[in-house]
Amino acid sequence: MTEAKIRTEEMLLNMGPQHPSTHGVFRVVVRTDGELILESESHIGYLHRCFEKCAEGNNYLQVVPYTDRMDYLCAMMNNWGYAVAVEKLAGIEVPERAEYIRVMVAELNRVASHLLAFGTYGLDIGAITPFLYAFRDRERILKIFEKLCGQRLNYSYVRVGGVTFDMTEEILADIEAFCDYFDPKIIDEYDNLLSYNGIFISRTANVGVMPADLAISYGVTGPSLRGSGVQRDLRRDAPYGIYDRLEFDVPVGTGEMGQLGDCWDRYMVRMREMRQSIRLVRQALAGIPEGPFCDKKAYRAVKPKAGETYKRVEGARGEVGFYIVSDGTNIPYRVKARAPSFSNISILDKLTSLSDVMVADLVAIIGSLDIVLGEVDR
Amino acid sequence: MNLFAFTTIFAQAGKGLGEFAGDYSSKWDAGTYDGGLVFAGIIKWLVTTWGVPEWVPLSSILNGVLEASVFPEIGALLITIGLVFGFVNIFAIGAVWSERKVSAHMQCRLGPMEVGPHGILQTVADGLKLLAKEDIIPRLADKPLFALAPAIVFAGVLMRFVPLPFGDQLIASDLDLGLFFIAAVGAVEVLGVIMAGWSSNNKWSLFGTIRTATQMVSYEIPIGLAFITVIICSGSFSLMEIVNQQGGSLNASDGYVYGGWIWHWNLFRNPFMLVLSITYFIASLAECKRSPFDLPEAESELVSGFHTEYTGMRFALFFLAEYAAMYLVAAVAVVIFLGGWWSGIYPLDALGLGPEATTLAKTLGLLIKIGVFLSKAFALVFVQMWVRWTLPRIRLDQMMYVCWKVLLPISLVCLIGSCLWELASGGASVFGFGIVVE
């Protein structure tokens, strides 16, 4: 047989919506040449639950539980994003104690979310043990939250005007104990086991390189953007709550293992952010004042004047923004959510076309973007 | 290469199996070690020496049957097959359980705890569940190939147990080309895997199949080079002979091998062997598709690779083959590098050897040697598990890179280095203890 007669074909491969590494019901149709991906096309919408329409039929306080179910891995930040938007619209003052509690729960929730990202990323790359380690420590945070508000995932804890329950001395002691327990874990166990593992670095460095300008043009935010070396964190650049009074660093990708903005950088930003979060929790613990935990009036009902507002907070995956239009009744006229995962995942097809990507790399890229499909589809 | 190897090997295997019923018992009694002895020989020796205890019903008849001349030809063959097959199954059950326990304790979990003490019967329960499961063949699958593939994979692994010793003299058939047989029959497994992935008519299975074929064919080469080096140093393909040489031949003047010290093992024969044992271990991980070379069944990429579409017992056969292969590569490593059944402690090894040894000493020595061999192999299996639960998975191109650009050159250097060493030292080890070559 001569060379010319051998014909190879491209294969159309359907990855998802049921696939362990798409982190939910996400579908990528890839055109492959052997293991090499020539083109990928993302399909979303399998988890659409009409959040924005539901919000138009419930009063301002009843919308909070819907926000939990957007990004179910960091529900506190979604609650908070919605709460600050309504508070700005209705001109509600949040008590000092509530602001401190919000920082604490939000940062703990960020740690829990990044822990899951760390664990599942290990799974994507093929290391199973880090996943179990991450879940062991995440469990401690969930126990604290369960004690605090009776929920482990969909907290609805941060509400308009403050928080739902006060934080007891016992829970404060638990949080302190967790900080002491967790701080050394990151270096001793996680970094040793996964971050600086040779195979892990060879799998993630120089893979899925996301240049900063491209990331900005696609609206990528959060750790995925910071992985490309862009110093942007809403907690510092557009402070809300009491973040302007707290000290913390914004870790960004350094490109130390390969090119700037590769999967390893995005992963490492999350690892370093966990340490900053613990630092923030410690500061909040030290400074928490006595007082009411929620605005008395807003606890019962909220009825803003007609108008519109947009507020955003730094979630675990990026900017969580809420655009709310009020017509003067106790039911919002329109709520539009800006979900970070939605923007972050939009860059996937571009990333696979930028360089030679193999099927295993596609899994690594999706994992490093750390998407939550509940948020993408809402 | 392998097709040619097959024809040679099958002729050889047929010869070996035909010969096994020969004069093994007389050889055992004479205490010589010139091969040709089989598993069954030792069983017969044990039973006829100790006899069936009198409290066993019909003990006199059983003893009579054992003494009868018809026993070696048929009974020994059946017992040999039964023992090897039984060992593989029991090992797989134990290994699956210990894999789950090892992983659990590495991951701050308990693992199976419900079925039996510490969940020891969990694998039995799982096996029964798999037996009871519906056997599903996908509608668009190539049915004959689909049904045949698991059997071929399992048979491919099981066949490699033929020239593999379990202890002193405990071998199904001591083939002259033992190591060659093991390397060659490994290709049968690849064939079965390709059949499984292709006939499943599933793109993900096909991916797994291509990866498996690429990986197993590539990694046969560093393994083959390790074999060749050992063969050159030992001057024999036979696994029995390779192990016996590592006994050190202390006091070999009267024609007996009494065992030696730990430095008589091939591992310490020369510095190249030490390096080679590491390349062999890495390649053997790839050969049996273990992490970090578990690309063929990468859970997070391909879900489970070539056996995605299999259910019930057909799936269990793949699983069984995988664990059997784990033991096999570990046992081969023990044979070619780690001194086989020699414990490396001279008094222990010498127990029960020589013309003056009592029956009790012989039996004890035999049992110790089985124990030593199995514990070495199990220790290596444990290291395989340890590696699996620690490391992430490498990518396809990196897998090829490791094989062709790292392991292959190192193995070649070790091969040449070992040859030169043998030439210069006249067969002496690092420690200057000569291996008696007649």
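The values are calculated or read from the model by the stated rules, or taken from the named source; none is laboratory data. The structure displayed is predicted, hence computed values, not measured ones. FYI the Cβ positions are ideal-geometry reconstructions off the backbone, even for glycines, and counts take in every protein chain you see.
Assorted remarks:
- Among the residues of segment A:81-93, the one identified as buried (at least 22 other Cβ atoms within 10 Å of the Cβ) and in contact with a helix residue (DSSP H, G or I) (Cβ under 6 Å, 6 or more places away or on another chain) is A:Tyr82.
- B:Asn201 passes every criterion in (1) within 14 Å of chain A (Cβ to nearest Cβ); (2) on the phi < 0 side of the Ramachandran plot apart from (2).
- Only one of A:Ala117, A:Ala106 that is in contact with a strand residue (DSSP E or B) (Cβ under 9 Å, 6 or more places away or on another chain) and in a helix (DSSP H, G or I): A:Ala106
- For segment A:84-129, the set of residues classified as of a type in the set (Ser, Thr, Tyr) and either in contact with a Lys or Arg (Cβ under 6 Å, 6 or more places away or on another chain) or within 14 Å of chain B (Cβ to nearest Cβ) (or both) consists of A:Thr120, A:Tyr121, A:Thr129, listed by residue number.
- In segment A:14-37, the qualifying residues are those that are among the hydrophobic types (A, V, I, L, M, F, W, C) and under 18 Å from A:Gly208 (Cβ atoms), and the one that is farthest from the other protein chains (Cβ to nearest Cβ) is A:Phe26.
- Take the conditions (1) outside any helix (DSSP H, G or I); (2) more than 22 Å from the chain's Cα centre (by Cα); (3) modelled with pLDDT of 80 or more; B:Ala196 misses just one of them, which is (1).
- Of all residues in segment B:151-191, those satisfying the criterion of being over 20 Å from B:Ile223 (Cα atoms) and touching a Pro at 6+ places or on another chain (Cβ under 9 Å) are B:Ile171, B:Ala172, B:Ser173, B:Asp174.
- Exclusive hit being within 28 Å of A:Leu225 (Cβ to Cβ), within 14 Å of another protein chain (Cβ to nearest Cβ) and out of contact with any strand residue (DSSP E or B) (no Cβ under 8 Å at 6 or more places or on another chain), set A:Ala205, A:Ala215: A:Ala205
- Selection count where residues are touching an Asp or Glu at 6+ places or on another chain (Cβ under 6 Å) and crowded, with 19+ Cβ neighbours inside 10 Å, scope segment A:1-41: 2
- Residue within segment A:334-347 that is more than 28 Å from A:Phe182 (Cβ to Cβ) and within 14 Å of chain B (Cβ to nearest Cβ) present: no
- Residue match in segment A:259-266 (condition: crowded, with 17+ Cβ neighbours inside 10 Å, among the hydrophobic types (A, V, I, L, M, F, W, C) and not in a loop (DSSP other than H, G, I, E, B)): yes
- All positions within segment A:286-324 that are surrounded by 17 or more Cβ atoms within 10 Å (Cβ to Cβ) and of a type in the set (A, V, I, L, M, F, W, C): A:Ile288, A:Phe293, A:Cys294, A:Ala298, A:Val302, A:Val313, A:Ala316, A:Val320, A:Phe322, A:Ile324
- Restricting B:Leu175, B:Leu158 to those that are within 30 Å of B:Leu353 (Cβ to Cβ) and touching a residue at least 60 places away in the same chain (Cβ under 8 Å) reduces the list to B:Leu175.
- Where A:Thr221 falls short, out of the listed (1) crowded, with 23+ Cβ neighbours inside 10 Å; (2) assigned to a loop (DSSP other than H, G, I, E, B); (3) within 14 Å of chain B (Cβ to nearest Cβ): (3)
- Segment B:369-389 - residue that is surrounded by fewer than 17 Cβ atoms within 10 Å (Cβ to Cβ) and either of a type in the set (Phe, Trp, Tyr) or facing another protein chain (nearest Cβ under 10 Å) (or both) and, of those, farthest from B:Ile171 (Cα to Cα): B:Trp386
- Here A:Ser368 meets the list (1) surrounded by fewer than 23 Cβ atoms within 10 Å (Cβ to Cβ); (2) within 14 Å of another protein chain (Cβ to nearest Cβ); (3) not hydrophobic (A, V, I, L, M, F, W, C) almost entirely, failing just condition (1).
- Complete set of residues in segment A:143-188 that are in a helix (DSSP H, G or I) and of a type in the set (D, E, K, R): A:Lys143, A:Glu146, A:Lys147, A:Glu169, A:Glu170, A:Asp174, A:Glu176, A:Asp180, A:Asp183, A:Lys185, A:Asp188
- Test: B:Met313 is of a type in the set (A, V, I, L, M), within 14 Å of another protein chain (Cβ to nearest Cβ) and farther than 30 Å from A:Leu36 by Cα: no
- Unmet criterion (only one of (1) within 12 Å of chain B (Cβ to nearest Cβ); (2) out of contact with any helix residue (DSSP H, G or I) (no Cβ under 8 Å at 6 or more places or on another chain); (3) not acidic (Asp, Glu)) for A:Cys149: (1)
- Single match in A:Met76, A:Met11, A:Met70 (criterion: within 14 Å of chain B (Cβ to nearest Cβ) and not β-branched (Val, Ile, Thr)): A:Met11
- Residues within segment B:87-126 that are within 14 Å of another protein chain (Cβ to nearest Cβ) and of a type in the set (Ser, Thr, Tyr), tallied: 1
- In segment B:267-310, the residues that are of a type in the set (Ser, Thr, Tyr) and either within 14 Å of chain A (Cβ to nearest Cβ) or more than 30 Å from A:Gly16 (Cβ to Cβ) (or both): B:Ser277, B:Thr279, B:Tyr280, B:Ser284, B:Ser291, B:Ser300, B:Ser304, B:Thr308
- Out of B:Leu360, B:Leu408, B:Leu364, B:Leu348, sole residue that is away from chain A (no Cβ under 14 Å), touching a Pro at 6+ places or on another chain (Cβ under 9 Å) and surrounded by fewer than 20 Cβ atoms within 10 Å (Cβ to Cβ): B:Leu408
- For segment A:175-190, residues that are within 14 Å of another protein chain (Cβ to nearest Cβ) and either under 21 Å from the mean Cα position of the chain (by Cα) or closer than 17 Å to A:Arg110 by Cα (or both) total 3.
- Hits in segment A:200-215 (condition: polar (S, T, N, Q) and buried (at least 24 other Cβ atoms within 10 Å of the Cβ)): A:Thr204
- Restricting segment A:348-365 to residues that are among the small types (Gly, Ala, Ser) and either away from chain B (no Cβ under 14 Å) or surrounded by 22 or more Cβ atoms within 10 Å (Cβ to Cβ) (or both), the residue that is nearest to B:Asp397 (Cα to Cα): A:Ala360
- Check on B:Val332, touching a Lys or Arg at 6+ places or on another chain (Cβ under 9 Å) and either away from chain A (no Cβ under 12 Å) or touching a residue at least 12 places away in the same chain (Cβ under 8 Å) (or both): yes
- Count of segment A:24-57 residues which are assigned to a loop (DSSP other than H, G, I, E, B) and among the small types (Gly, Ala, Ser): 4
- Test: B:Phe181 is assigned to a helix (DSSP H, G or I) and among the aromatic types (Phe, Trp, Tyr): yes
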